[in-house]
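Trainee: Here it is, the structure in full.
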Amino acid sequence: MENEDLDELMVCRLDQTRKTVEPCSIVIFGASGDLTARKLIPALYHLYKEKQMPPKFRVIGFARREKTDASWREELRQALDQFSRTKPVDDKVWQEFSANVFYCMGEFSDLEAYKKLGKQLDSFGDPQLRNNLLFYLATSPSQFGEVVEQLYKADLLHKDESKGWQRIVVEKPFGHDLASAYQLNTELTRYAHERQVFRIDHYLGKETVQNILMFRFANSIFERLWNRDSVDHVQITVSENLGVGQRGGYYEEAGALRDMVQNHLLQVMSLVAMEPPVSLDAEPIRDEKVKLLKSIRPLTPEDVAKQVVRGQYFAGMVDGKMQLGYRQEAKVKADSNVETFVAVKLLVDNWRWSGVPFYLRTGKHLPLSASEVRIQFRPTPSVLFAAQCGNKLDPNALTLRLQPNEGISLRFNGKVPGTSTSVRPVRMSFSYNSEFGAYTPEAYERLLLEAMAGDATLFIRRDEVEAAWAIVDEIRKGWEGKPLTNREFYSAGTWGPMAADDLLAQRGHVWRNPQPVT
Ligand code: BG6
């Protein structure tokens, strides 16, 4: 049998029983915003192009500005030309798709506007398009409560889902601390059931992040090494080449800890470290993630001083170009203490990971944009090669490259050919591109599809978001009233402040920086 036939036979489809997506209407609140133009409409267009949208659907943009259906479609078309992942945009497909796109002008606080929205939905003349509703809240979190309340009052949202189904998709930031996240959750669940709330973390929409569970639990060789007996430590790096750019205003309120660690990094960590779920359904997977987050050892302010490093970039060269320091960016205070870099050592107090440090780091204006998980295995015993080579004998490591250059590589030692006995690290590599071709759907395509299908696996549950905030709150408490010190600044274009290296050096570890794609 040809290899390819074998591959075909070996594909195990886990979603054979996946329910088909029923006809529905997607209502986007905050339709004039950046997210709609950059992500949501391009994602829906591609889903349509790839015949993944339900047989019947409508998209309604709800926002304050005065627009007609035609002018909104025109605006979206221009944005699509710019942001579509496939270019040029297929005109015929766009015409067909955009015939389903409508605009509803209204204030979020005005009940009448919601009633108008209801009439618009009635006018589609189809009970499924009228009652199966995906409300996408691309708004500021301070408006979540109000929108949900008005939807309920306008008879568009039913907690018991007595008429069709209604779901609410919310974007980050989901609160700015545990108390505000709790408050938001309370507001949302006053009018909607928790199972109707879909909290986005776009990292979960990435193929490589989803593959973490497949990699761990569909293979027998790695999982048995996945514990304190074999793993020395884990490094999770999400580095970004860009600075805060035009988002200074938002960033001043957020900082790297809230913007990246609370969500993306802790999500990746929980997938890497969680126990096997009892099934692949949404709740068992989310139960395990919550359990993991709750096993992370709480940090006292003294621990924060020892285990967390923050940093802020000053002017420096990135890719051969001089970049402004954070304090010089638009809408940033000249004496801002907001962190653009965080490195943290977390310990997990459970049977599997006791004593294994998890180092997480993220930052803006680092040398390159890359997200990686590195599982560093324990060194070999100090006999034979290790005795002779000392720390020149690199311990084995497994690197999951989440982006770019998506793939996985295993580093091990091999004999250098020749008469002398020398050993050096070599690599076994898997690349998504060479194995599967350049299939790179945007995270939002997958997430919108899952939300329409009602599968919450890739969304964050209430207790999960709260557990993550509890960790971040402890860190913020440790920083309270402490302005940045000189040791906490780094030049744009470097791998963060020196203190981040010292953090690992405490245990004899070093950061392994992602390599540029060649
Ligand atoms: C967002 C953050 O959630 O993630 C941004 O708000 C960050 O600051 C972005 O740049 C990174 O996402 P990605 O998919 O480019 O790694």
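The values are calculated or read from the model by the stated rules, or taken from the named source; none is laboratory data. Keep in mind it's a predicted model, so treat the numbers as computed, not measured. Heads up, the Cβs are rebuilt from the backbone with ideal geometry, glycines too, and the neighbour counts pull from every protein chain shown.
Trainee: Looking at the stretch 361-374, which of its residues are surrounded by fewer than 22 Cβ atoms within 10 Å (Cβ to Cβ) and among the aliphatic types (A, V, I, L, M)?
Mentor: Leu368, Ala370, listed by residue number.
Trainee: Contact list please: Cβ distance under 9 Å, first residue in the stretch 69-91 and closer than 10 Å to Ile41 by Cβ, second residue outside any loop (DSSP other than H, G, I, E, B) and of a type in the set (Lys, Arg), pairs at least six apart or on different chains.
Mentor: Ala79/Arg38; Phe83/Arg38; Phe83/Lys39
Trainee: Can I ask one more? What number goes with the only condition from (1) more than 28 Å from the chain's Cα centre (by Cα); (2) crowded, with 16+ Cβ neighbours inside 10 Å that Ser84 does not pass?
Mentor: Only one criterion in (1) more than 28 Å from the chain's Cα centre (by Cα); (2) crowded, with 16+ Cβ neighbours inside 10 Å is unmet by Ser84, namely (1).
Trainee: Kindly establish whether Arg297 is basic (Lys, Arg) and within 16 Å of the ligand (Cβ to nearest atom). Talk me through it step by step, then tell me what you get.
Mentor: Details: basic (Lys, Arg): yes; within 16 Å of the ligand (Cβ to nearest atom): no.
Taking the combined requirement at face value, the residue does not satisfy it.
Trainee: Follow-up. Has the stretch 251-259 got any residue that is more than 16 Å from the ligand (Cβ to nearest atom), crowded, with 23+ Cβ neighbours inside 10 Å, modelled with pLDDT of 95 or more and assigned to a helix (DSSP H, G or I)?
Mentor: Taking the stretch 251-259 first, the residues more than 16 Å from the ligand (Cβ to nearest atom) are none.
The answer is no; no qualifying residue exists.
Trainee: Next up: Looking at the stretch 208-228, which of its residues are in contact (Cβ under 8 Å) with a residue 12 or more places away in the chain and more than 23 Å from Phe436 (Cβ to Cβ)?
Mentor: Hits for the stretch 208-228 are Leu225, Trp226, Asn227, Arg228.
Trainee: Quick check, is Gly496 in contact with a strand residue (DSSP E or B) (Cβ under 8 Å, 6 or more places away or on another chain), surrounded by 16 or more Cβ atoms within 10 Å (Cβ to Cβ) and not in a helix (DSSP H, G or I)? It would help to see each step written out before you state the result.
Mentor: Values: in contact with a strand residue (DSSP E or B) (Cβ under 8 Å, 6 or more places away or on another chain): yes; surrounded by 16 or more Cβ atoms within 10 Å (Cβ to Cβ): yes; not in a helix (DSSP H, G or I): yes.
Judged against the criteria, Gly496 is a match.
Trainee: Please return the ranges of strands (runs of 3 or more DSSP E) entirely within the stretch 300-343 where 1 or more residues are out of contact with any Leu (no Cβ under 7 Å at 6 or more places or on another chain) and among the polar types (S, T, N, Q). Before you say what the answer is, go through the steps one by one.
Mentor: Values: elements: 308-314, 316-318, 321-323.
In the stretch 300-343, 321-323 are the strands (runs of 3 or more DSSP E) which contain 1 or more residues that are out of contact with any Leu (no Cβ under 7 Å at 6 or more places or on another chain) and among the polar types (S, T, N, Q).
Trainee: Within the stretch 233-247, which residues are farther than 23 Å from Thr208 by Cα and either near the ligand (Cβ under 10 Å from one of its atoms) or modelled with pLDDT of 95 or more (or both)?
Mentor: Residues of the stretch 233-247 farther than 23 Å from Thr208 by Cα: 243-247.
Of everything in the stretch 233-247, those that are farther than 23 Å from Thr208 by Cα and either near the ligand (Cβ under 10 Å from one of its atoms) or modelled with pLDDT of 95 or more (or both) turn out to be Gly243, Val244, Gly245, Arg247.
Trainee: Select the helices (runs of 4 or more DSSP H) contained entirely in the stretch 33-110, then report the ones holding at least 1 residues which are in contact with a strand residue (DSSP E or B) (Cβ under 7 Å, 6 or more places away or on another chain) and more than 17 Å from Leu449 (Cβ to Cβ). First the steps, then the outcome.
Mentor: On the way: elements: 41-49, 69-83, 91-98.
The qualifying helices (runs of 4 or more DSSP H) are 69-83.
Trainee: Filter the stretch 487-497 for residues that are at pLDDT 95 or above and not β-branched (Val, Ile, Thr) and give the result.
Mentor: Initial filter on the stretch 487-497 (at pLDDT 95 or above): 488-497.
Within the stretch 487-497, Glu488, Phe489, Tyr490, Ser491, Ala492, Gly493, Trp495, Gly496, Pro497 qualify.
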